[in-house]
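The values are calculated or read from the model by the stated rules, or taken from the named source; none is laboratory data. What you are looking at is a predicted structure, and each value in this text was computed from that prediction instead of being measured. Cβ placement follows ideal geometry from the backbone for every residue including glycine, while neighbour counts extend to all protein chains displayed. Areas reflect the complete protein model, heavy atoms only, side chains present, ligands, DNA and RNA absent. Shrake-Rupley method; radii C 1.70, N 1.55, O 1.52, S 1.80 Å.
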Amino acid sequence: MTVTTEAPYSGLAAVYDRWMAADRVPYQSWATHVTDRFEEACVPVRSVLDLCCGTGMMLTMLQERGYEVTGVDASAQMLAHARRRAAAGTRLHLAALPSPLIAGTGPFDAVTCCYDGVNYFASPGQLEAVLAQVRGLLRPGGVFVFDLGTRRSFQQMATVGRTCADFGDFAYLWDTRPIGGTPRFDYLVTVFTREEDGRYTRTDETHRQRWFSTRELQEAVTGAGLETVLVCDDYGTAAPGDHTLRETWTVRRPR
Ligand SMILES: C[S@@+](CC[C@H](N)C(=O)[O-])C[C@H]1O[C@@H](n2cnc3c(N)ncnc32)[C@H](O)[C@@H]1O
């Protein structure tokens, strides 16, 4: 067996879509929430920038709904899948946010960031820097819709500790390690994939994520020159509460 230690999503990219399908990630209903927010925006939305677009699940769903979508992600392996899935000619940028590499790509009517991309930003300062970059890429009146896992969801994952699943041709181990006394957690992700010769390749990745408090989020939004429009429990319309595991935020660039 070959064992490699890789950057996040290097090995995971190959199995990501099947893993998400098995977890029944409700991308279609997430896309409906996102496009509902677009329709409420005070500018018509046609061009969209999808941050942390991964394998392009949300990006292609938005394209199927008629939006012109550009993607950005820090993982070349995830983007390779997005390239195969997205409409021909889709602009996809390899960049770790915030990044000067996407400075000239706007303006966009809307920006999205779905499925915990924000939880990868290491600090409130990095979050604010990304939000400031989003402001610069948005047209006045344009909206940024993003989700993030809450403190409760991280604590729940830590309680579960280690999980695993065997899909036959691949398997994974997922180990949650809180970094004591901080909002940061390391997820140690081991993926075994069966090669054509029947042997398995093992890939070890460390994903460092964190939760942000409502105050940190609000200060970053305001500090970046954006204003909060709506905060929801998951991808619904109810306000978040103590039980909330994922929040969706809609913020806008003032006109
Ligand atoms: C859980 S995946 C979500 C992918 C996709 N949005 C989806 O809904 O399936 C998180 C993605 O965020 C990307 N990512 C993490 N940190 C990033 C950063 N600083 N800049 C750009 N992409 C980043 C990862 O490469 C990964 O593709």
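Restrict the check to segment 182-194 and report whether at least one residue is in a loop (DSSP other than H, G, I, E, B), in the same structural domain as Gln156 (by TED's automatic domain parsing) and farther than 24 Å from Asp17 by Cα.
Looking through segment 182-194, at least one residue is in a loop (DSSP other than H, G, I, E, B), in the same structural domain as Gln156 (by TED's automatic domain parsing) and farther than 24 Å from Asp17 by Cα.
Quick one: Val229 ticks every box in (1) closer than 21 Å to Tyr16 by Cβ; (2) open to solvent by 10 Å² or more (accessible area, probe 1.4 Å); (3) among the aliphatic types (A, V, I, L, M) bar one, so which box is it?
(1)
So which residues in segment 151-162 are of a type outside the set (D, E, K, R) and either in contact with a Leu (Cβ under 8 Å, 6 or more places away or on another chain) or open to solvent by less than 30 Å² (accessible area, probe 1.4 Å) (or both)? Outline the logic, then answer.
Pass one, segment 151-162, residues of a type outside the set (D, E, K, R): 153-161.
Passing the criteria: Ser153, Phe154, Gln156, Gly161.
Are there any pairs, at least 6 apart or on different chains, whose C-beta atoms fall under 7 Å, with the first in segment 179-191 and closer than 18 Å to Tyr9 by Cα and β-branched (Val, Ile, Thr) and the second open to solvent by less than 30 Å² (accessible area, probe 1.4 Å) and part of a loop (DSSP other than H, G, I, E, B), and if so, which?
Every condition considered, the pairs that remain are Val191/Gly11; Val191/Val15.
Which of the following residues is aromatic (Phe, Trp, Tyr), closer than 30 Å to Ser47 by Cβ and touching a helix residue (DSSP H, G or I) at 6+ places or on another chain (Cβ under 6 Å): Phe212, Phe144?
After applying the criteria, what remains is Phe144.
Can you pull out every residue in segment 43-89 that is polar (S, T, N, Q) and either over 16 Å from Val111 (Cβ atoms) or not assigned by TED's automatic domain parsing to the domain that holds Thr112 (or both)?
Thr55, Thr60, Ser75, Gln77
Being of a type in the set (S, T, N, Q), crowded, with 22+ Cβ neighbours inside 10 Å and outside any loop (DSSP other than H, G, I, E, B) is the filter here; which residues of segment 52-75 pass it?
Hit for segment 52-75 is Thr70, nothing else.
Of the residues that sit in segment 19-51 and are open to solvent by 40 Å² or more (accessible area, probe 1.4 Å) and either in a loop (DSSP other than H, G, I, E, B) or near the ligand (Cβ under 8 Å from one of its atoms) (or both), which one is nearest to Leu230 (Cα to Cα)? Reasoning before the result, please.
First, the residues of segment 19-51 that are open to solvent by 40 Å² or more (accessible area, probe 1.4 Å): 21-24, 26, 28-29, 32, 36, 39-40, 42, 44, 46.
If we keep only those that are either in a loop (DSSP other than H, G, I, E, B) or near the ligand (Cβ under 8 Å from one of its atoms) (or both) as well, we get 23-24, 26, 42, 44, 46.
Values: Asp23: 27, Arg24: 26, Pro26: 21, Cys42: 14, Pro44: 18, Arg46: 21 Å.
Within segment 19-51, the match that is nearest to Leu230 (Cα to Cα) is Cys42.
Quick check: anything in segment 137-150 open to solvent by 50 Å² or more (accessible area, probe 1.4 Å), at pLDDT 95 or above and within 16 Å of the ligand (Cβ to nearest atom)?
No, there is no match, as no residue in segment 137-150 is open to solvent by 50 Å² or more (accessible area, probe 1.4 Å), at pLDDT 95 or above and within 16 Å of the ligand (Cβ to nearest atom).
Within segment 94-116, take every residue that is small (Gly, Ala, Ser) and in contact (Cβ under 8 Å) with a residue 12 or more places away in the chain and give me the one that is nearest to the ligand (Cβ to nearest atom).
Per the stated criteria, the residue is Ala96.
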